[in-house]
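Notes to accompany the following structure.
The values are calculated or read from the model by the stated rules, or taken from the named source; none is laboratory data. Note that this is a predicted model, so its numbers are computed, not measured. Quick reminder, even Gly has a Cβ in these numbers, built from the backbone with ideal geometry, and neighbours come from all protein chains shown. Side chains are part of the model used for accessible areas, which takes the heavy atoms of the whole protein and leaves out ligands, DNA and RNA. Shrake-Rupley method; radii C 1.70, N 1.55, O 1.52, S 1.80 Å.
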Amino acid sequence: MKVKHIVYILLVVGIGALIAYRIMSNAEIGQNMDTGPRVTTVSGMILKPQIFKDNIAISGTLEADEQIEIRSEVSGIVESINFKEGSKVTKGQVLLKVNDIELQAQLSKAQTAKKLASENERRAKLLLEKQAISQEEYDIASADYQSATSEADLIAAQLSKTSIRAPFSGTIGLRSISMGTYVTPSTVIAKLVNTDNLKITFSVPEKYASQISMGTVLTFATSDSEEEYKATIYAIDPEVEITTRTLRMRAIADNRENGLYPGAYASVSLPLETIDDALLVPSEALIPVQNGKRIFVYQNGMAKEVDVQIGARTGKVVRVLTNLKPGDTILTYGVMALKDGSPVKVTLEELEPQTNVQ
């Protein structure tokens, strides 16, 4: 019997201990629930004005400053070729000579007729002074002389065209004719290109047109090189293309070192404006709402909602235009679960200087 009593006593004591433990646990839970709302730890940054270079990235094409197809203005057999393919030539240099035997003969004949017409005109003038012939007869002799002179000049001009000269200095390309080839004005002999300067033609969306002017210096790179080059805008179309809503522009770059080739693709970075006091926030800090964007600002230990308008953006940051000022602490990361008035603890971070390339 005594053993049974001892077992009952131990059982009662164990049940009492369990009840006491549950009472104490419930009391602790109640205390925790009475401590108030949970404090969320988020990242933030203090807004500071920054220099912000707003650029636009567009594609362009490199073109030679001057480029033509060399052709002969007269038809004939090629008598001599006076250039090497791929070589430099100077303005006025004779590149090609077309056989001119027939034209030489025609010129000789025309000059003889001119000489005879000149002598007839001289004699008619003397006779007119002596009133031996009429004014009409002298006018006929004078007209014959002028006609013979024009004919000789015409043949001389055609004769001069048998020597094809370089219209400007540059590099001549591969030739498509040989000695003895019969050339006509439609025959392409070779291409002549001046690559000391290269043009870059590109189109800019019309919304940026007012931010670009003559003399703007841009940078560009090509697909075959990591080097960055500079060019200066020297021509802008007077109207926007209706179909594309873009404005065509042209810049020129120095290529005297011959590091660039016409026809190559160019990736252009065009500066729009430089803002000395831009307020920039990380893209993650912005919360999209129905009428725009919203951001949380840290005030008195709590998160406060602020509606903002934004401007240019990069892949990482956005320029904020309204309702923020230097010195404001904005909440950047961990904001999606916040509500207006939520208590927060802020870990401050710094934002690196940015350059916008759209």
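Considering G180, G173, which residue is under 43 Å from the mean Cα position of the chain (by Cα) and farther than 17 Å from E73 by Cβ? Walk me through it before giving the result.
Details: G180 fails: under 43 Å from the mean Cα position of the chain (by Cα).
Selected residue: G173, the only one of G180, G173 that is under 43 Å from the mean Cα position of the chain (by Cα) and farther than 17 Å from E73 by Cβ.
Out of the residues in the stretch 200-256 that are among the aromatic types (F, W, Y) and under 18 Å from L272 (Cβ atoms), state the one that is farthest from the chain's Cα centre (by Cα). Can you show your working first?
At the first step, the residues of the stretch 200-256 found to be among the aromatic types (F, W, Y) are 202, 208, 220, 229, 234.
Going one step further and asking which of them are under 18 Å from L272 (Cβ atoms), we end up with 202, 208, 220.
Numbers: F202: 5, Y208: 13, F220: 7 Å.
Restricting to residues being among the aromatic types (F, W, Y) and under 18 Å from L272 (Cβ atoms), the top hit is Y208.
Please tell me if A152 is of a type in the set (A, V, I, L, M, F, W, C), buried (at least 18 other Cβ atoms within 10 Å of the Cβ) and part of a helix (DSSP H, G or I). Walk me through it before giving the result.
Details: of a type in the set (A, V, I, L, M, F, W, C): yes; buried (at least 18 other Cβ atoms within 10 Å of the Cβ): yes; part of a helix (DSSP H, G or I): yes.
Yes.
Conditions (1) at pLDDT 85 or above; (2) polar (S, T, N, Q), marked per residue:
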site: Q299; (1), (2): yes, yes
site: D307; (1), (2): yes, no
site: A312; (1), (2): no, no
site: K316; (1), (2): no, no
site: R319; (1), (2): no, no
site: P326; (1), (2): yes, no
site: I330; (1), (2): yes, no
site: G334; (1), (2): no, no
site: V344; (1), (2): no, no
> For the stretch 1-112, which strands (runs of 3 or more DSSP E) that fit wholly inside it have 1 or more residues that are open to solvent by 40 Å² or more (accessible area, probe 1.4 Å) and at pLDDT below 90?
Replying inline: 40-46, 50-70
>> Anything in the stretch 316-325 that is over 30 Å from I236 (Cα atoms) and open to solvent by 30 Å² or more (accessible area, probe 1.4 Å)? List them, or say none.
In response: K316, L321, T322, N323, K325
>> Cβ-Cβ under 6 Å, sequence separation 6+ or interchain: first residue in the stretch 170-196 and closer than 24 Å to D65 by Cα and in a loop (DSSP other than H, G, I, E, B), partner among the β-branched types (V, I, T) and open to solvent by 40 Å² or more (accessible area, probe 1.4 Å). Which pairs?
In response: S176/V188
> Got a number for residues in the stretch 253-269 being open to solvent by less than 30 Å² (accessible area, probe 1.4 Å) and either in contact with a helix residue (DSSP H, G or I) (Cβ under 6 Å, 6 or more places away or on another chain) or of a type outside the set (G, A, S) (or both)?
Replying inline: 3
> If you check every pair at least six apart or on different chains, which have Cβ atoms under 8 Å apart with a residue in the stretch 306-327 that is on the phi > 0 side of the Ramachandran plot first and a residue that is assigned to a loop (DSSP other than H, G, I, E, B) second?
Replying inline: N323/Q309; G327/L47
> When the stretch 295-315 is examined, which residues are found to be closer than 20 Å to P49 by Cβ and loosely packed, with under 14 Cβ neighbours inside 10 Å?
Replying inline: Q309
> When the residues of the stretch 195-227 are filtered to those that are open to solvent by 30 Å² or more (accessible area, probe 1.4 Å) and among the β-branched types (V, I, T), which remaining residue is nearest to A264 (Cα to Cα)?
Replying inline: T219
> Could we say that E239 is acidic (D, E) and assigned to a loop (DSSP other than H, G, I, E, B) here?
Replying inline: yes
